[in-house]
Amino acid sequence: MSARRIPVMVPCLGEEEAQAAAEAVRSGWVAQGPRVARFEEEFAASVGARHGVAVSSCTTALHLALVLLEIGPGDEVVVPSFSFIATANAVRYVGATPVFADVDLATGNVTVATVDAVRTPHTRAVVAVHQGGVPFDVAALRDAAGRWGVSLVEDAACAAGSTAYGRPVGAGSTISAWSFHPRKLLTTGEGGMVTVDDPQWAARLRRLREHGMNVSAADRHASAQPVLESYLETAFNYRMTDIQAAVGLVQLGRLAELVAQRRALAARYHDLLADIDGLAPVRDPEYGETNYQSFWVRLDGEYAAGRDEVLAELAAAGVSARRGIMAAHLEPAYADVTPAPLPVTERLTRDSLILPLHHALTEADQDHVVDVLRKLAR
């Protein structure tokens, strides 16, 4: 057993984030307040959206997006099975039926063809994921959704800093959901965001995250006069705290640097892995650039070892890797669902794994990871 330990990811948090959080605590305003409002504005601007609504997680962001679109019982929502289970779960939260679409082998994303293959007259929306930070073909899928008359929700949980057609992922989106979980490049510990361009949608999303109140708690406390709020609909408590937003503002300021660093490390992985037969690393699609939130490799038939053996050997060598993206339809929670055939999804979830990639990864670490993969290939 190796004494060397290389984690699969490390959040990039330092003294500046600690000071920002401490300042929020010392201010006496720790709940949703002015720092949240500033984070919403600056994050939305960074992804090319007009409005940001901060929430407690990307899962709650997806839930609110579907509530906003009035998706409910009797409706179908097409989603990839090849995604963290929250993508499908959000559909069930509103009482609708998730319908699983297959994905593209190279990107891990749904396409116009895979969505169209499972679309029915009951389809009201598509939740498309920018999987692992790899952008899906936004131009093609947005155009198709418009022709089909269905709503397109972009699950951009992993995609802060990725681009498509020369613009940030999120620009031109009707509605996008984002994650700030510690595995993401930009983290607030936990937390999420919904971005939209429609000001009326933004206003309703703000009500929905705060019990349906017609005036926020921050606005009530800021008023010199008593404010008697009303509760306009049954809603939720999905707020972000000012402590989280303070951290998020610092993180947002270094996002471009983190993306550049990850892309440089990913390019080095590509060079190191190029001579190993049977390994297919994730790459940029022709229409965009990934932030490399995750660096996964697919094992093809030429590779000498299976995925689970590779994970075990990496672990024995002190390398913390992970299985590839899960397939929701194979989990017990969806045992009652009989999807259309999903051959690419099942191949990817069976034959891929995620390698370490983060700001603290050294060239020596990368060399060690690749050495293990090269030995197994023999």
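The values are calculated or read from the model by the stated rules, or taken from the named source; none is laboratory data. What you are looking at is a predicted structure, and each value in this text was computed from that prediction instead of being measured. Neighbour counts are summed over all protein chains in view; Cβ atoms, including those assigned to glycine, are modelled from backbone coordinates with ideal geometry. All accessible areas refer to the heavy atoms of the entire protein, side chains included, with ligands and DNA or RNA removed. Shrake-Rupley method; radii C 1.70, N 1.55, O 1.52, S 1.80 Å.
At 37 °C and 0.692 mPa s, what whole-number value in µm²/s does Stokes-Einstein give for the translational diffusion of the range 43-96, with Rh from the Kirkwood sum over Cα pairs?
Estimated diffusion coefficient is 269 µm²/s.
Evaluate the relative contact order of the range 148-248 (contact order divided by residue number), counting alpha-carbon pairs under 8 angstrom at least 6 apart; express in whole percent.
For the range 148-248, the relative contact order is 21 percent.
Percentage of Cα-Cα pair distances in the range 326-368 greater than 15 Å, rounded to whole percent?
Looking at the range 326-368, the distances longer than 15 Å represent 59 percent of pairs.
Picking from Leu258, Leu272, Leu64, which is most flexible by a Gaussian network model of the chain using Cα springs under 10 Å?
The residue that fluctuates most here is Leu272.
Principal axes first, then extents: for the Cα atoms of the range 193-276, list largest minus smallest coordinate on each axis, whole Å, largest first.
Principal extents (Cα only, largest first): 68, 25, 21 Å.
Give the average over all directions of the projected area of the C-alpha convex hull of the range 1-139, one decimal, in nm².
12.9
Give the relative contact order (percent, whole number) for the range 56-190; include only Cα pairs under 8 Å separated by 6+ residues.
22
What are the extents of the Cα atoms of the range 231-303 along their three principal axes, in Å, largest first?
61, 30, 23
Over the chain, with every protein chain in place, what whole percent of the accessible area is carbon and sulfur at 1.4 Å, could you tell me?
Of all accessible area on the chain, carbon and sulfur atoms account for 51 percent.
What is the dipole size for the chain, taken about its Cα centre, with +1 at each Lys and Arg Cβ and -1 at each Asp and Glu Cβ, in debye to the nearest 20?
Charge dipole of the chain: 460 debye, to the nearest 20.
How big is the charge dipole of the range 35-120 about its Cα centre, in debye rounded to the nearest 20, if each Lys and Arg gets +1 on its Cβ and each Asp and Glu gets -1 on its Cβ?
It comes to approximately 240 debye.
Stokes-Einstein diffusion coefficient for the range 282-378 at 4 °C in a medium of 1.567 mPa s, Rh from the Kirkwood formula over Cα pairs: what value in µm²/s?
86
Looking at the calculated P(r) for the range 66-218, what percent of the C-alpha pair distances fall above 28 Å?
16
Determine the relative contact order of the chain: mean sequence separation of Cα pairs under 8 Å and six or more apart, normalised by residue count, in whole percent.
With pairs under 8 Å counted, the relative contact order is 24 percent.
Using a Gaussian network model of the chain with C-alpha springs under 10 Å, which one of Arg92, Arg26, Arg209 is most mobile by mean-square fluctuation?
Judging by the Gaussian network model, the answer is Arg26.
Given R₀ = 56 Å, what would the calculated FRET efficiency be for Trp148 paired with Asp219, taking r from the Cβ atoms and rounding to 0.05?
The computed FRET efficiency comes out at 0.90.
What shape does the range 184-226 have by the C-alpha gyration tensor, where a ≥ b ≥ c are the square roots of the eigenvalues, rounded means a/c under 1.5, and otherwise prolate means a/b greater than b/c and oblate the rest?
Verdict is oblate for the range 184-226.
Give me the distance between the Cα centres of the range 284-305 and the range 1-75, rounded to whole Å.
27
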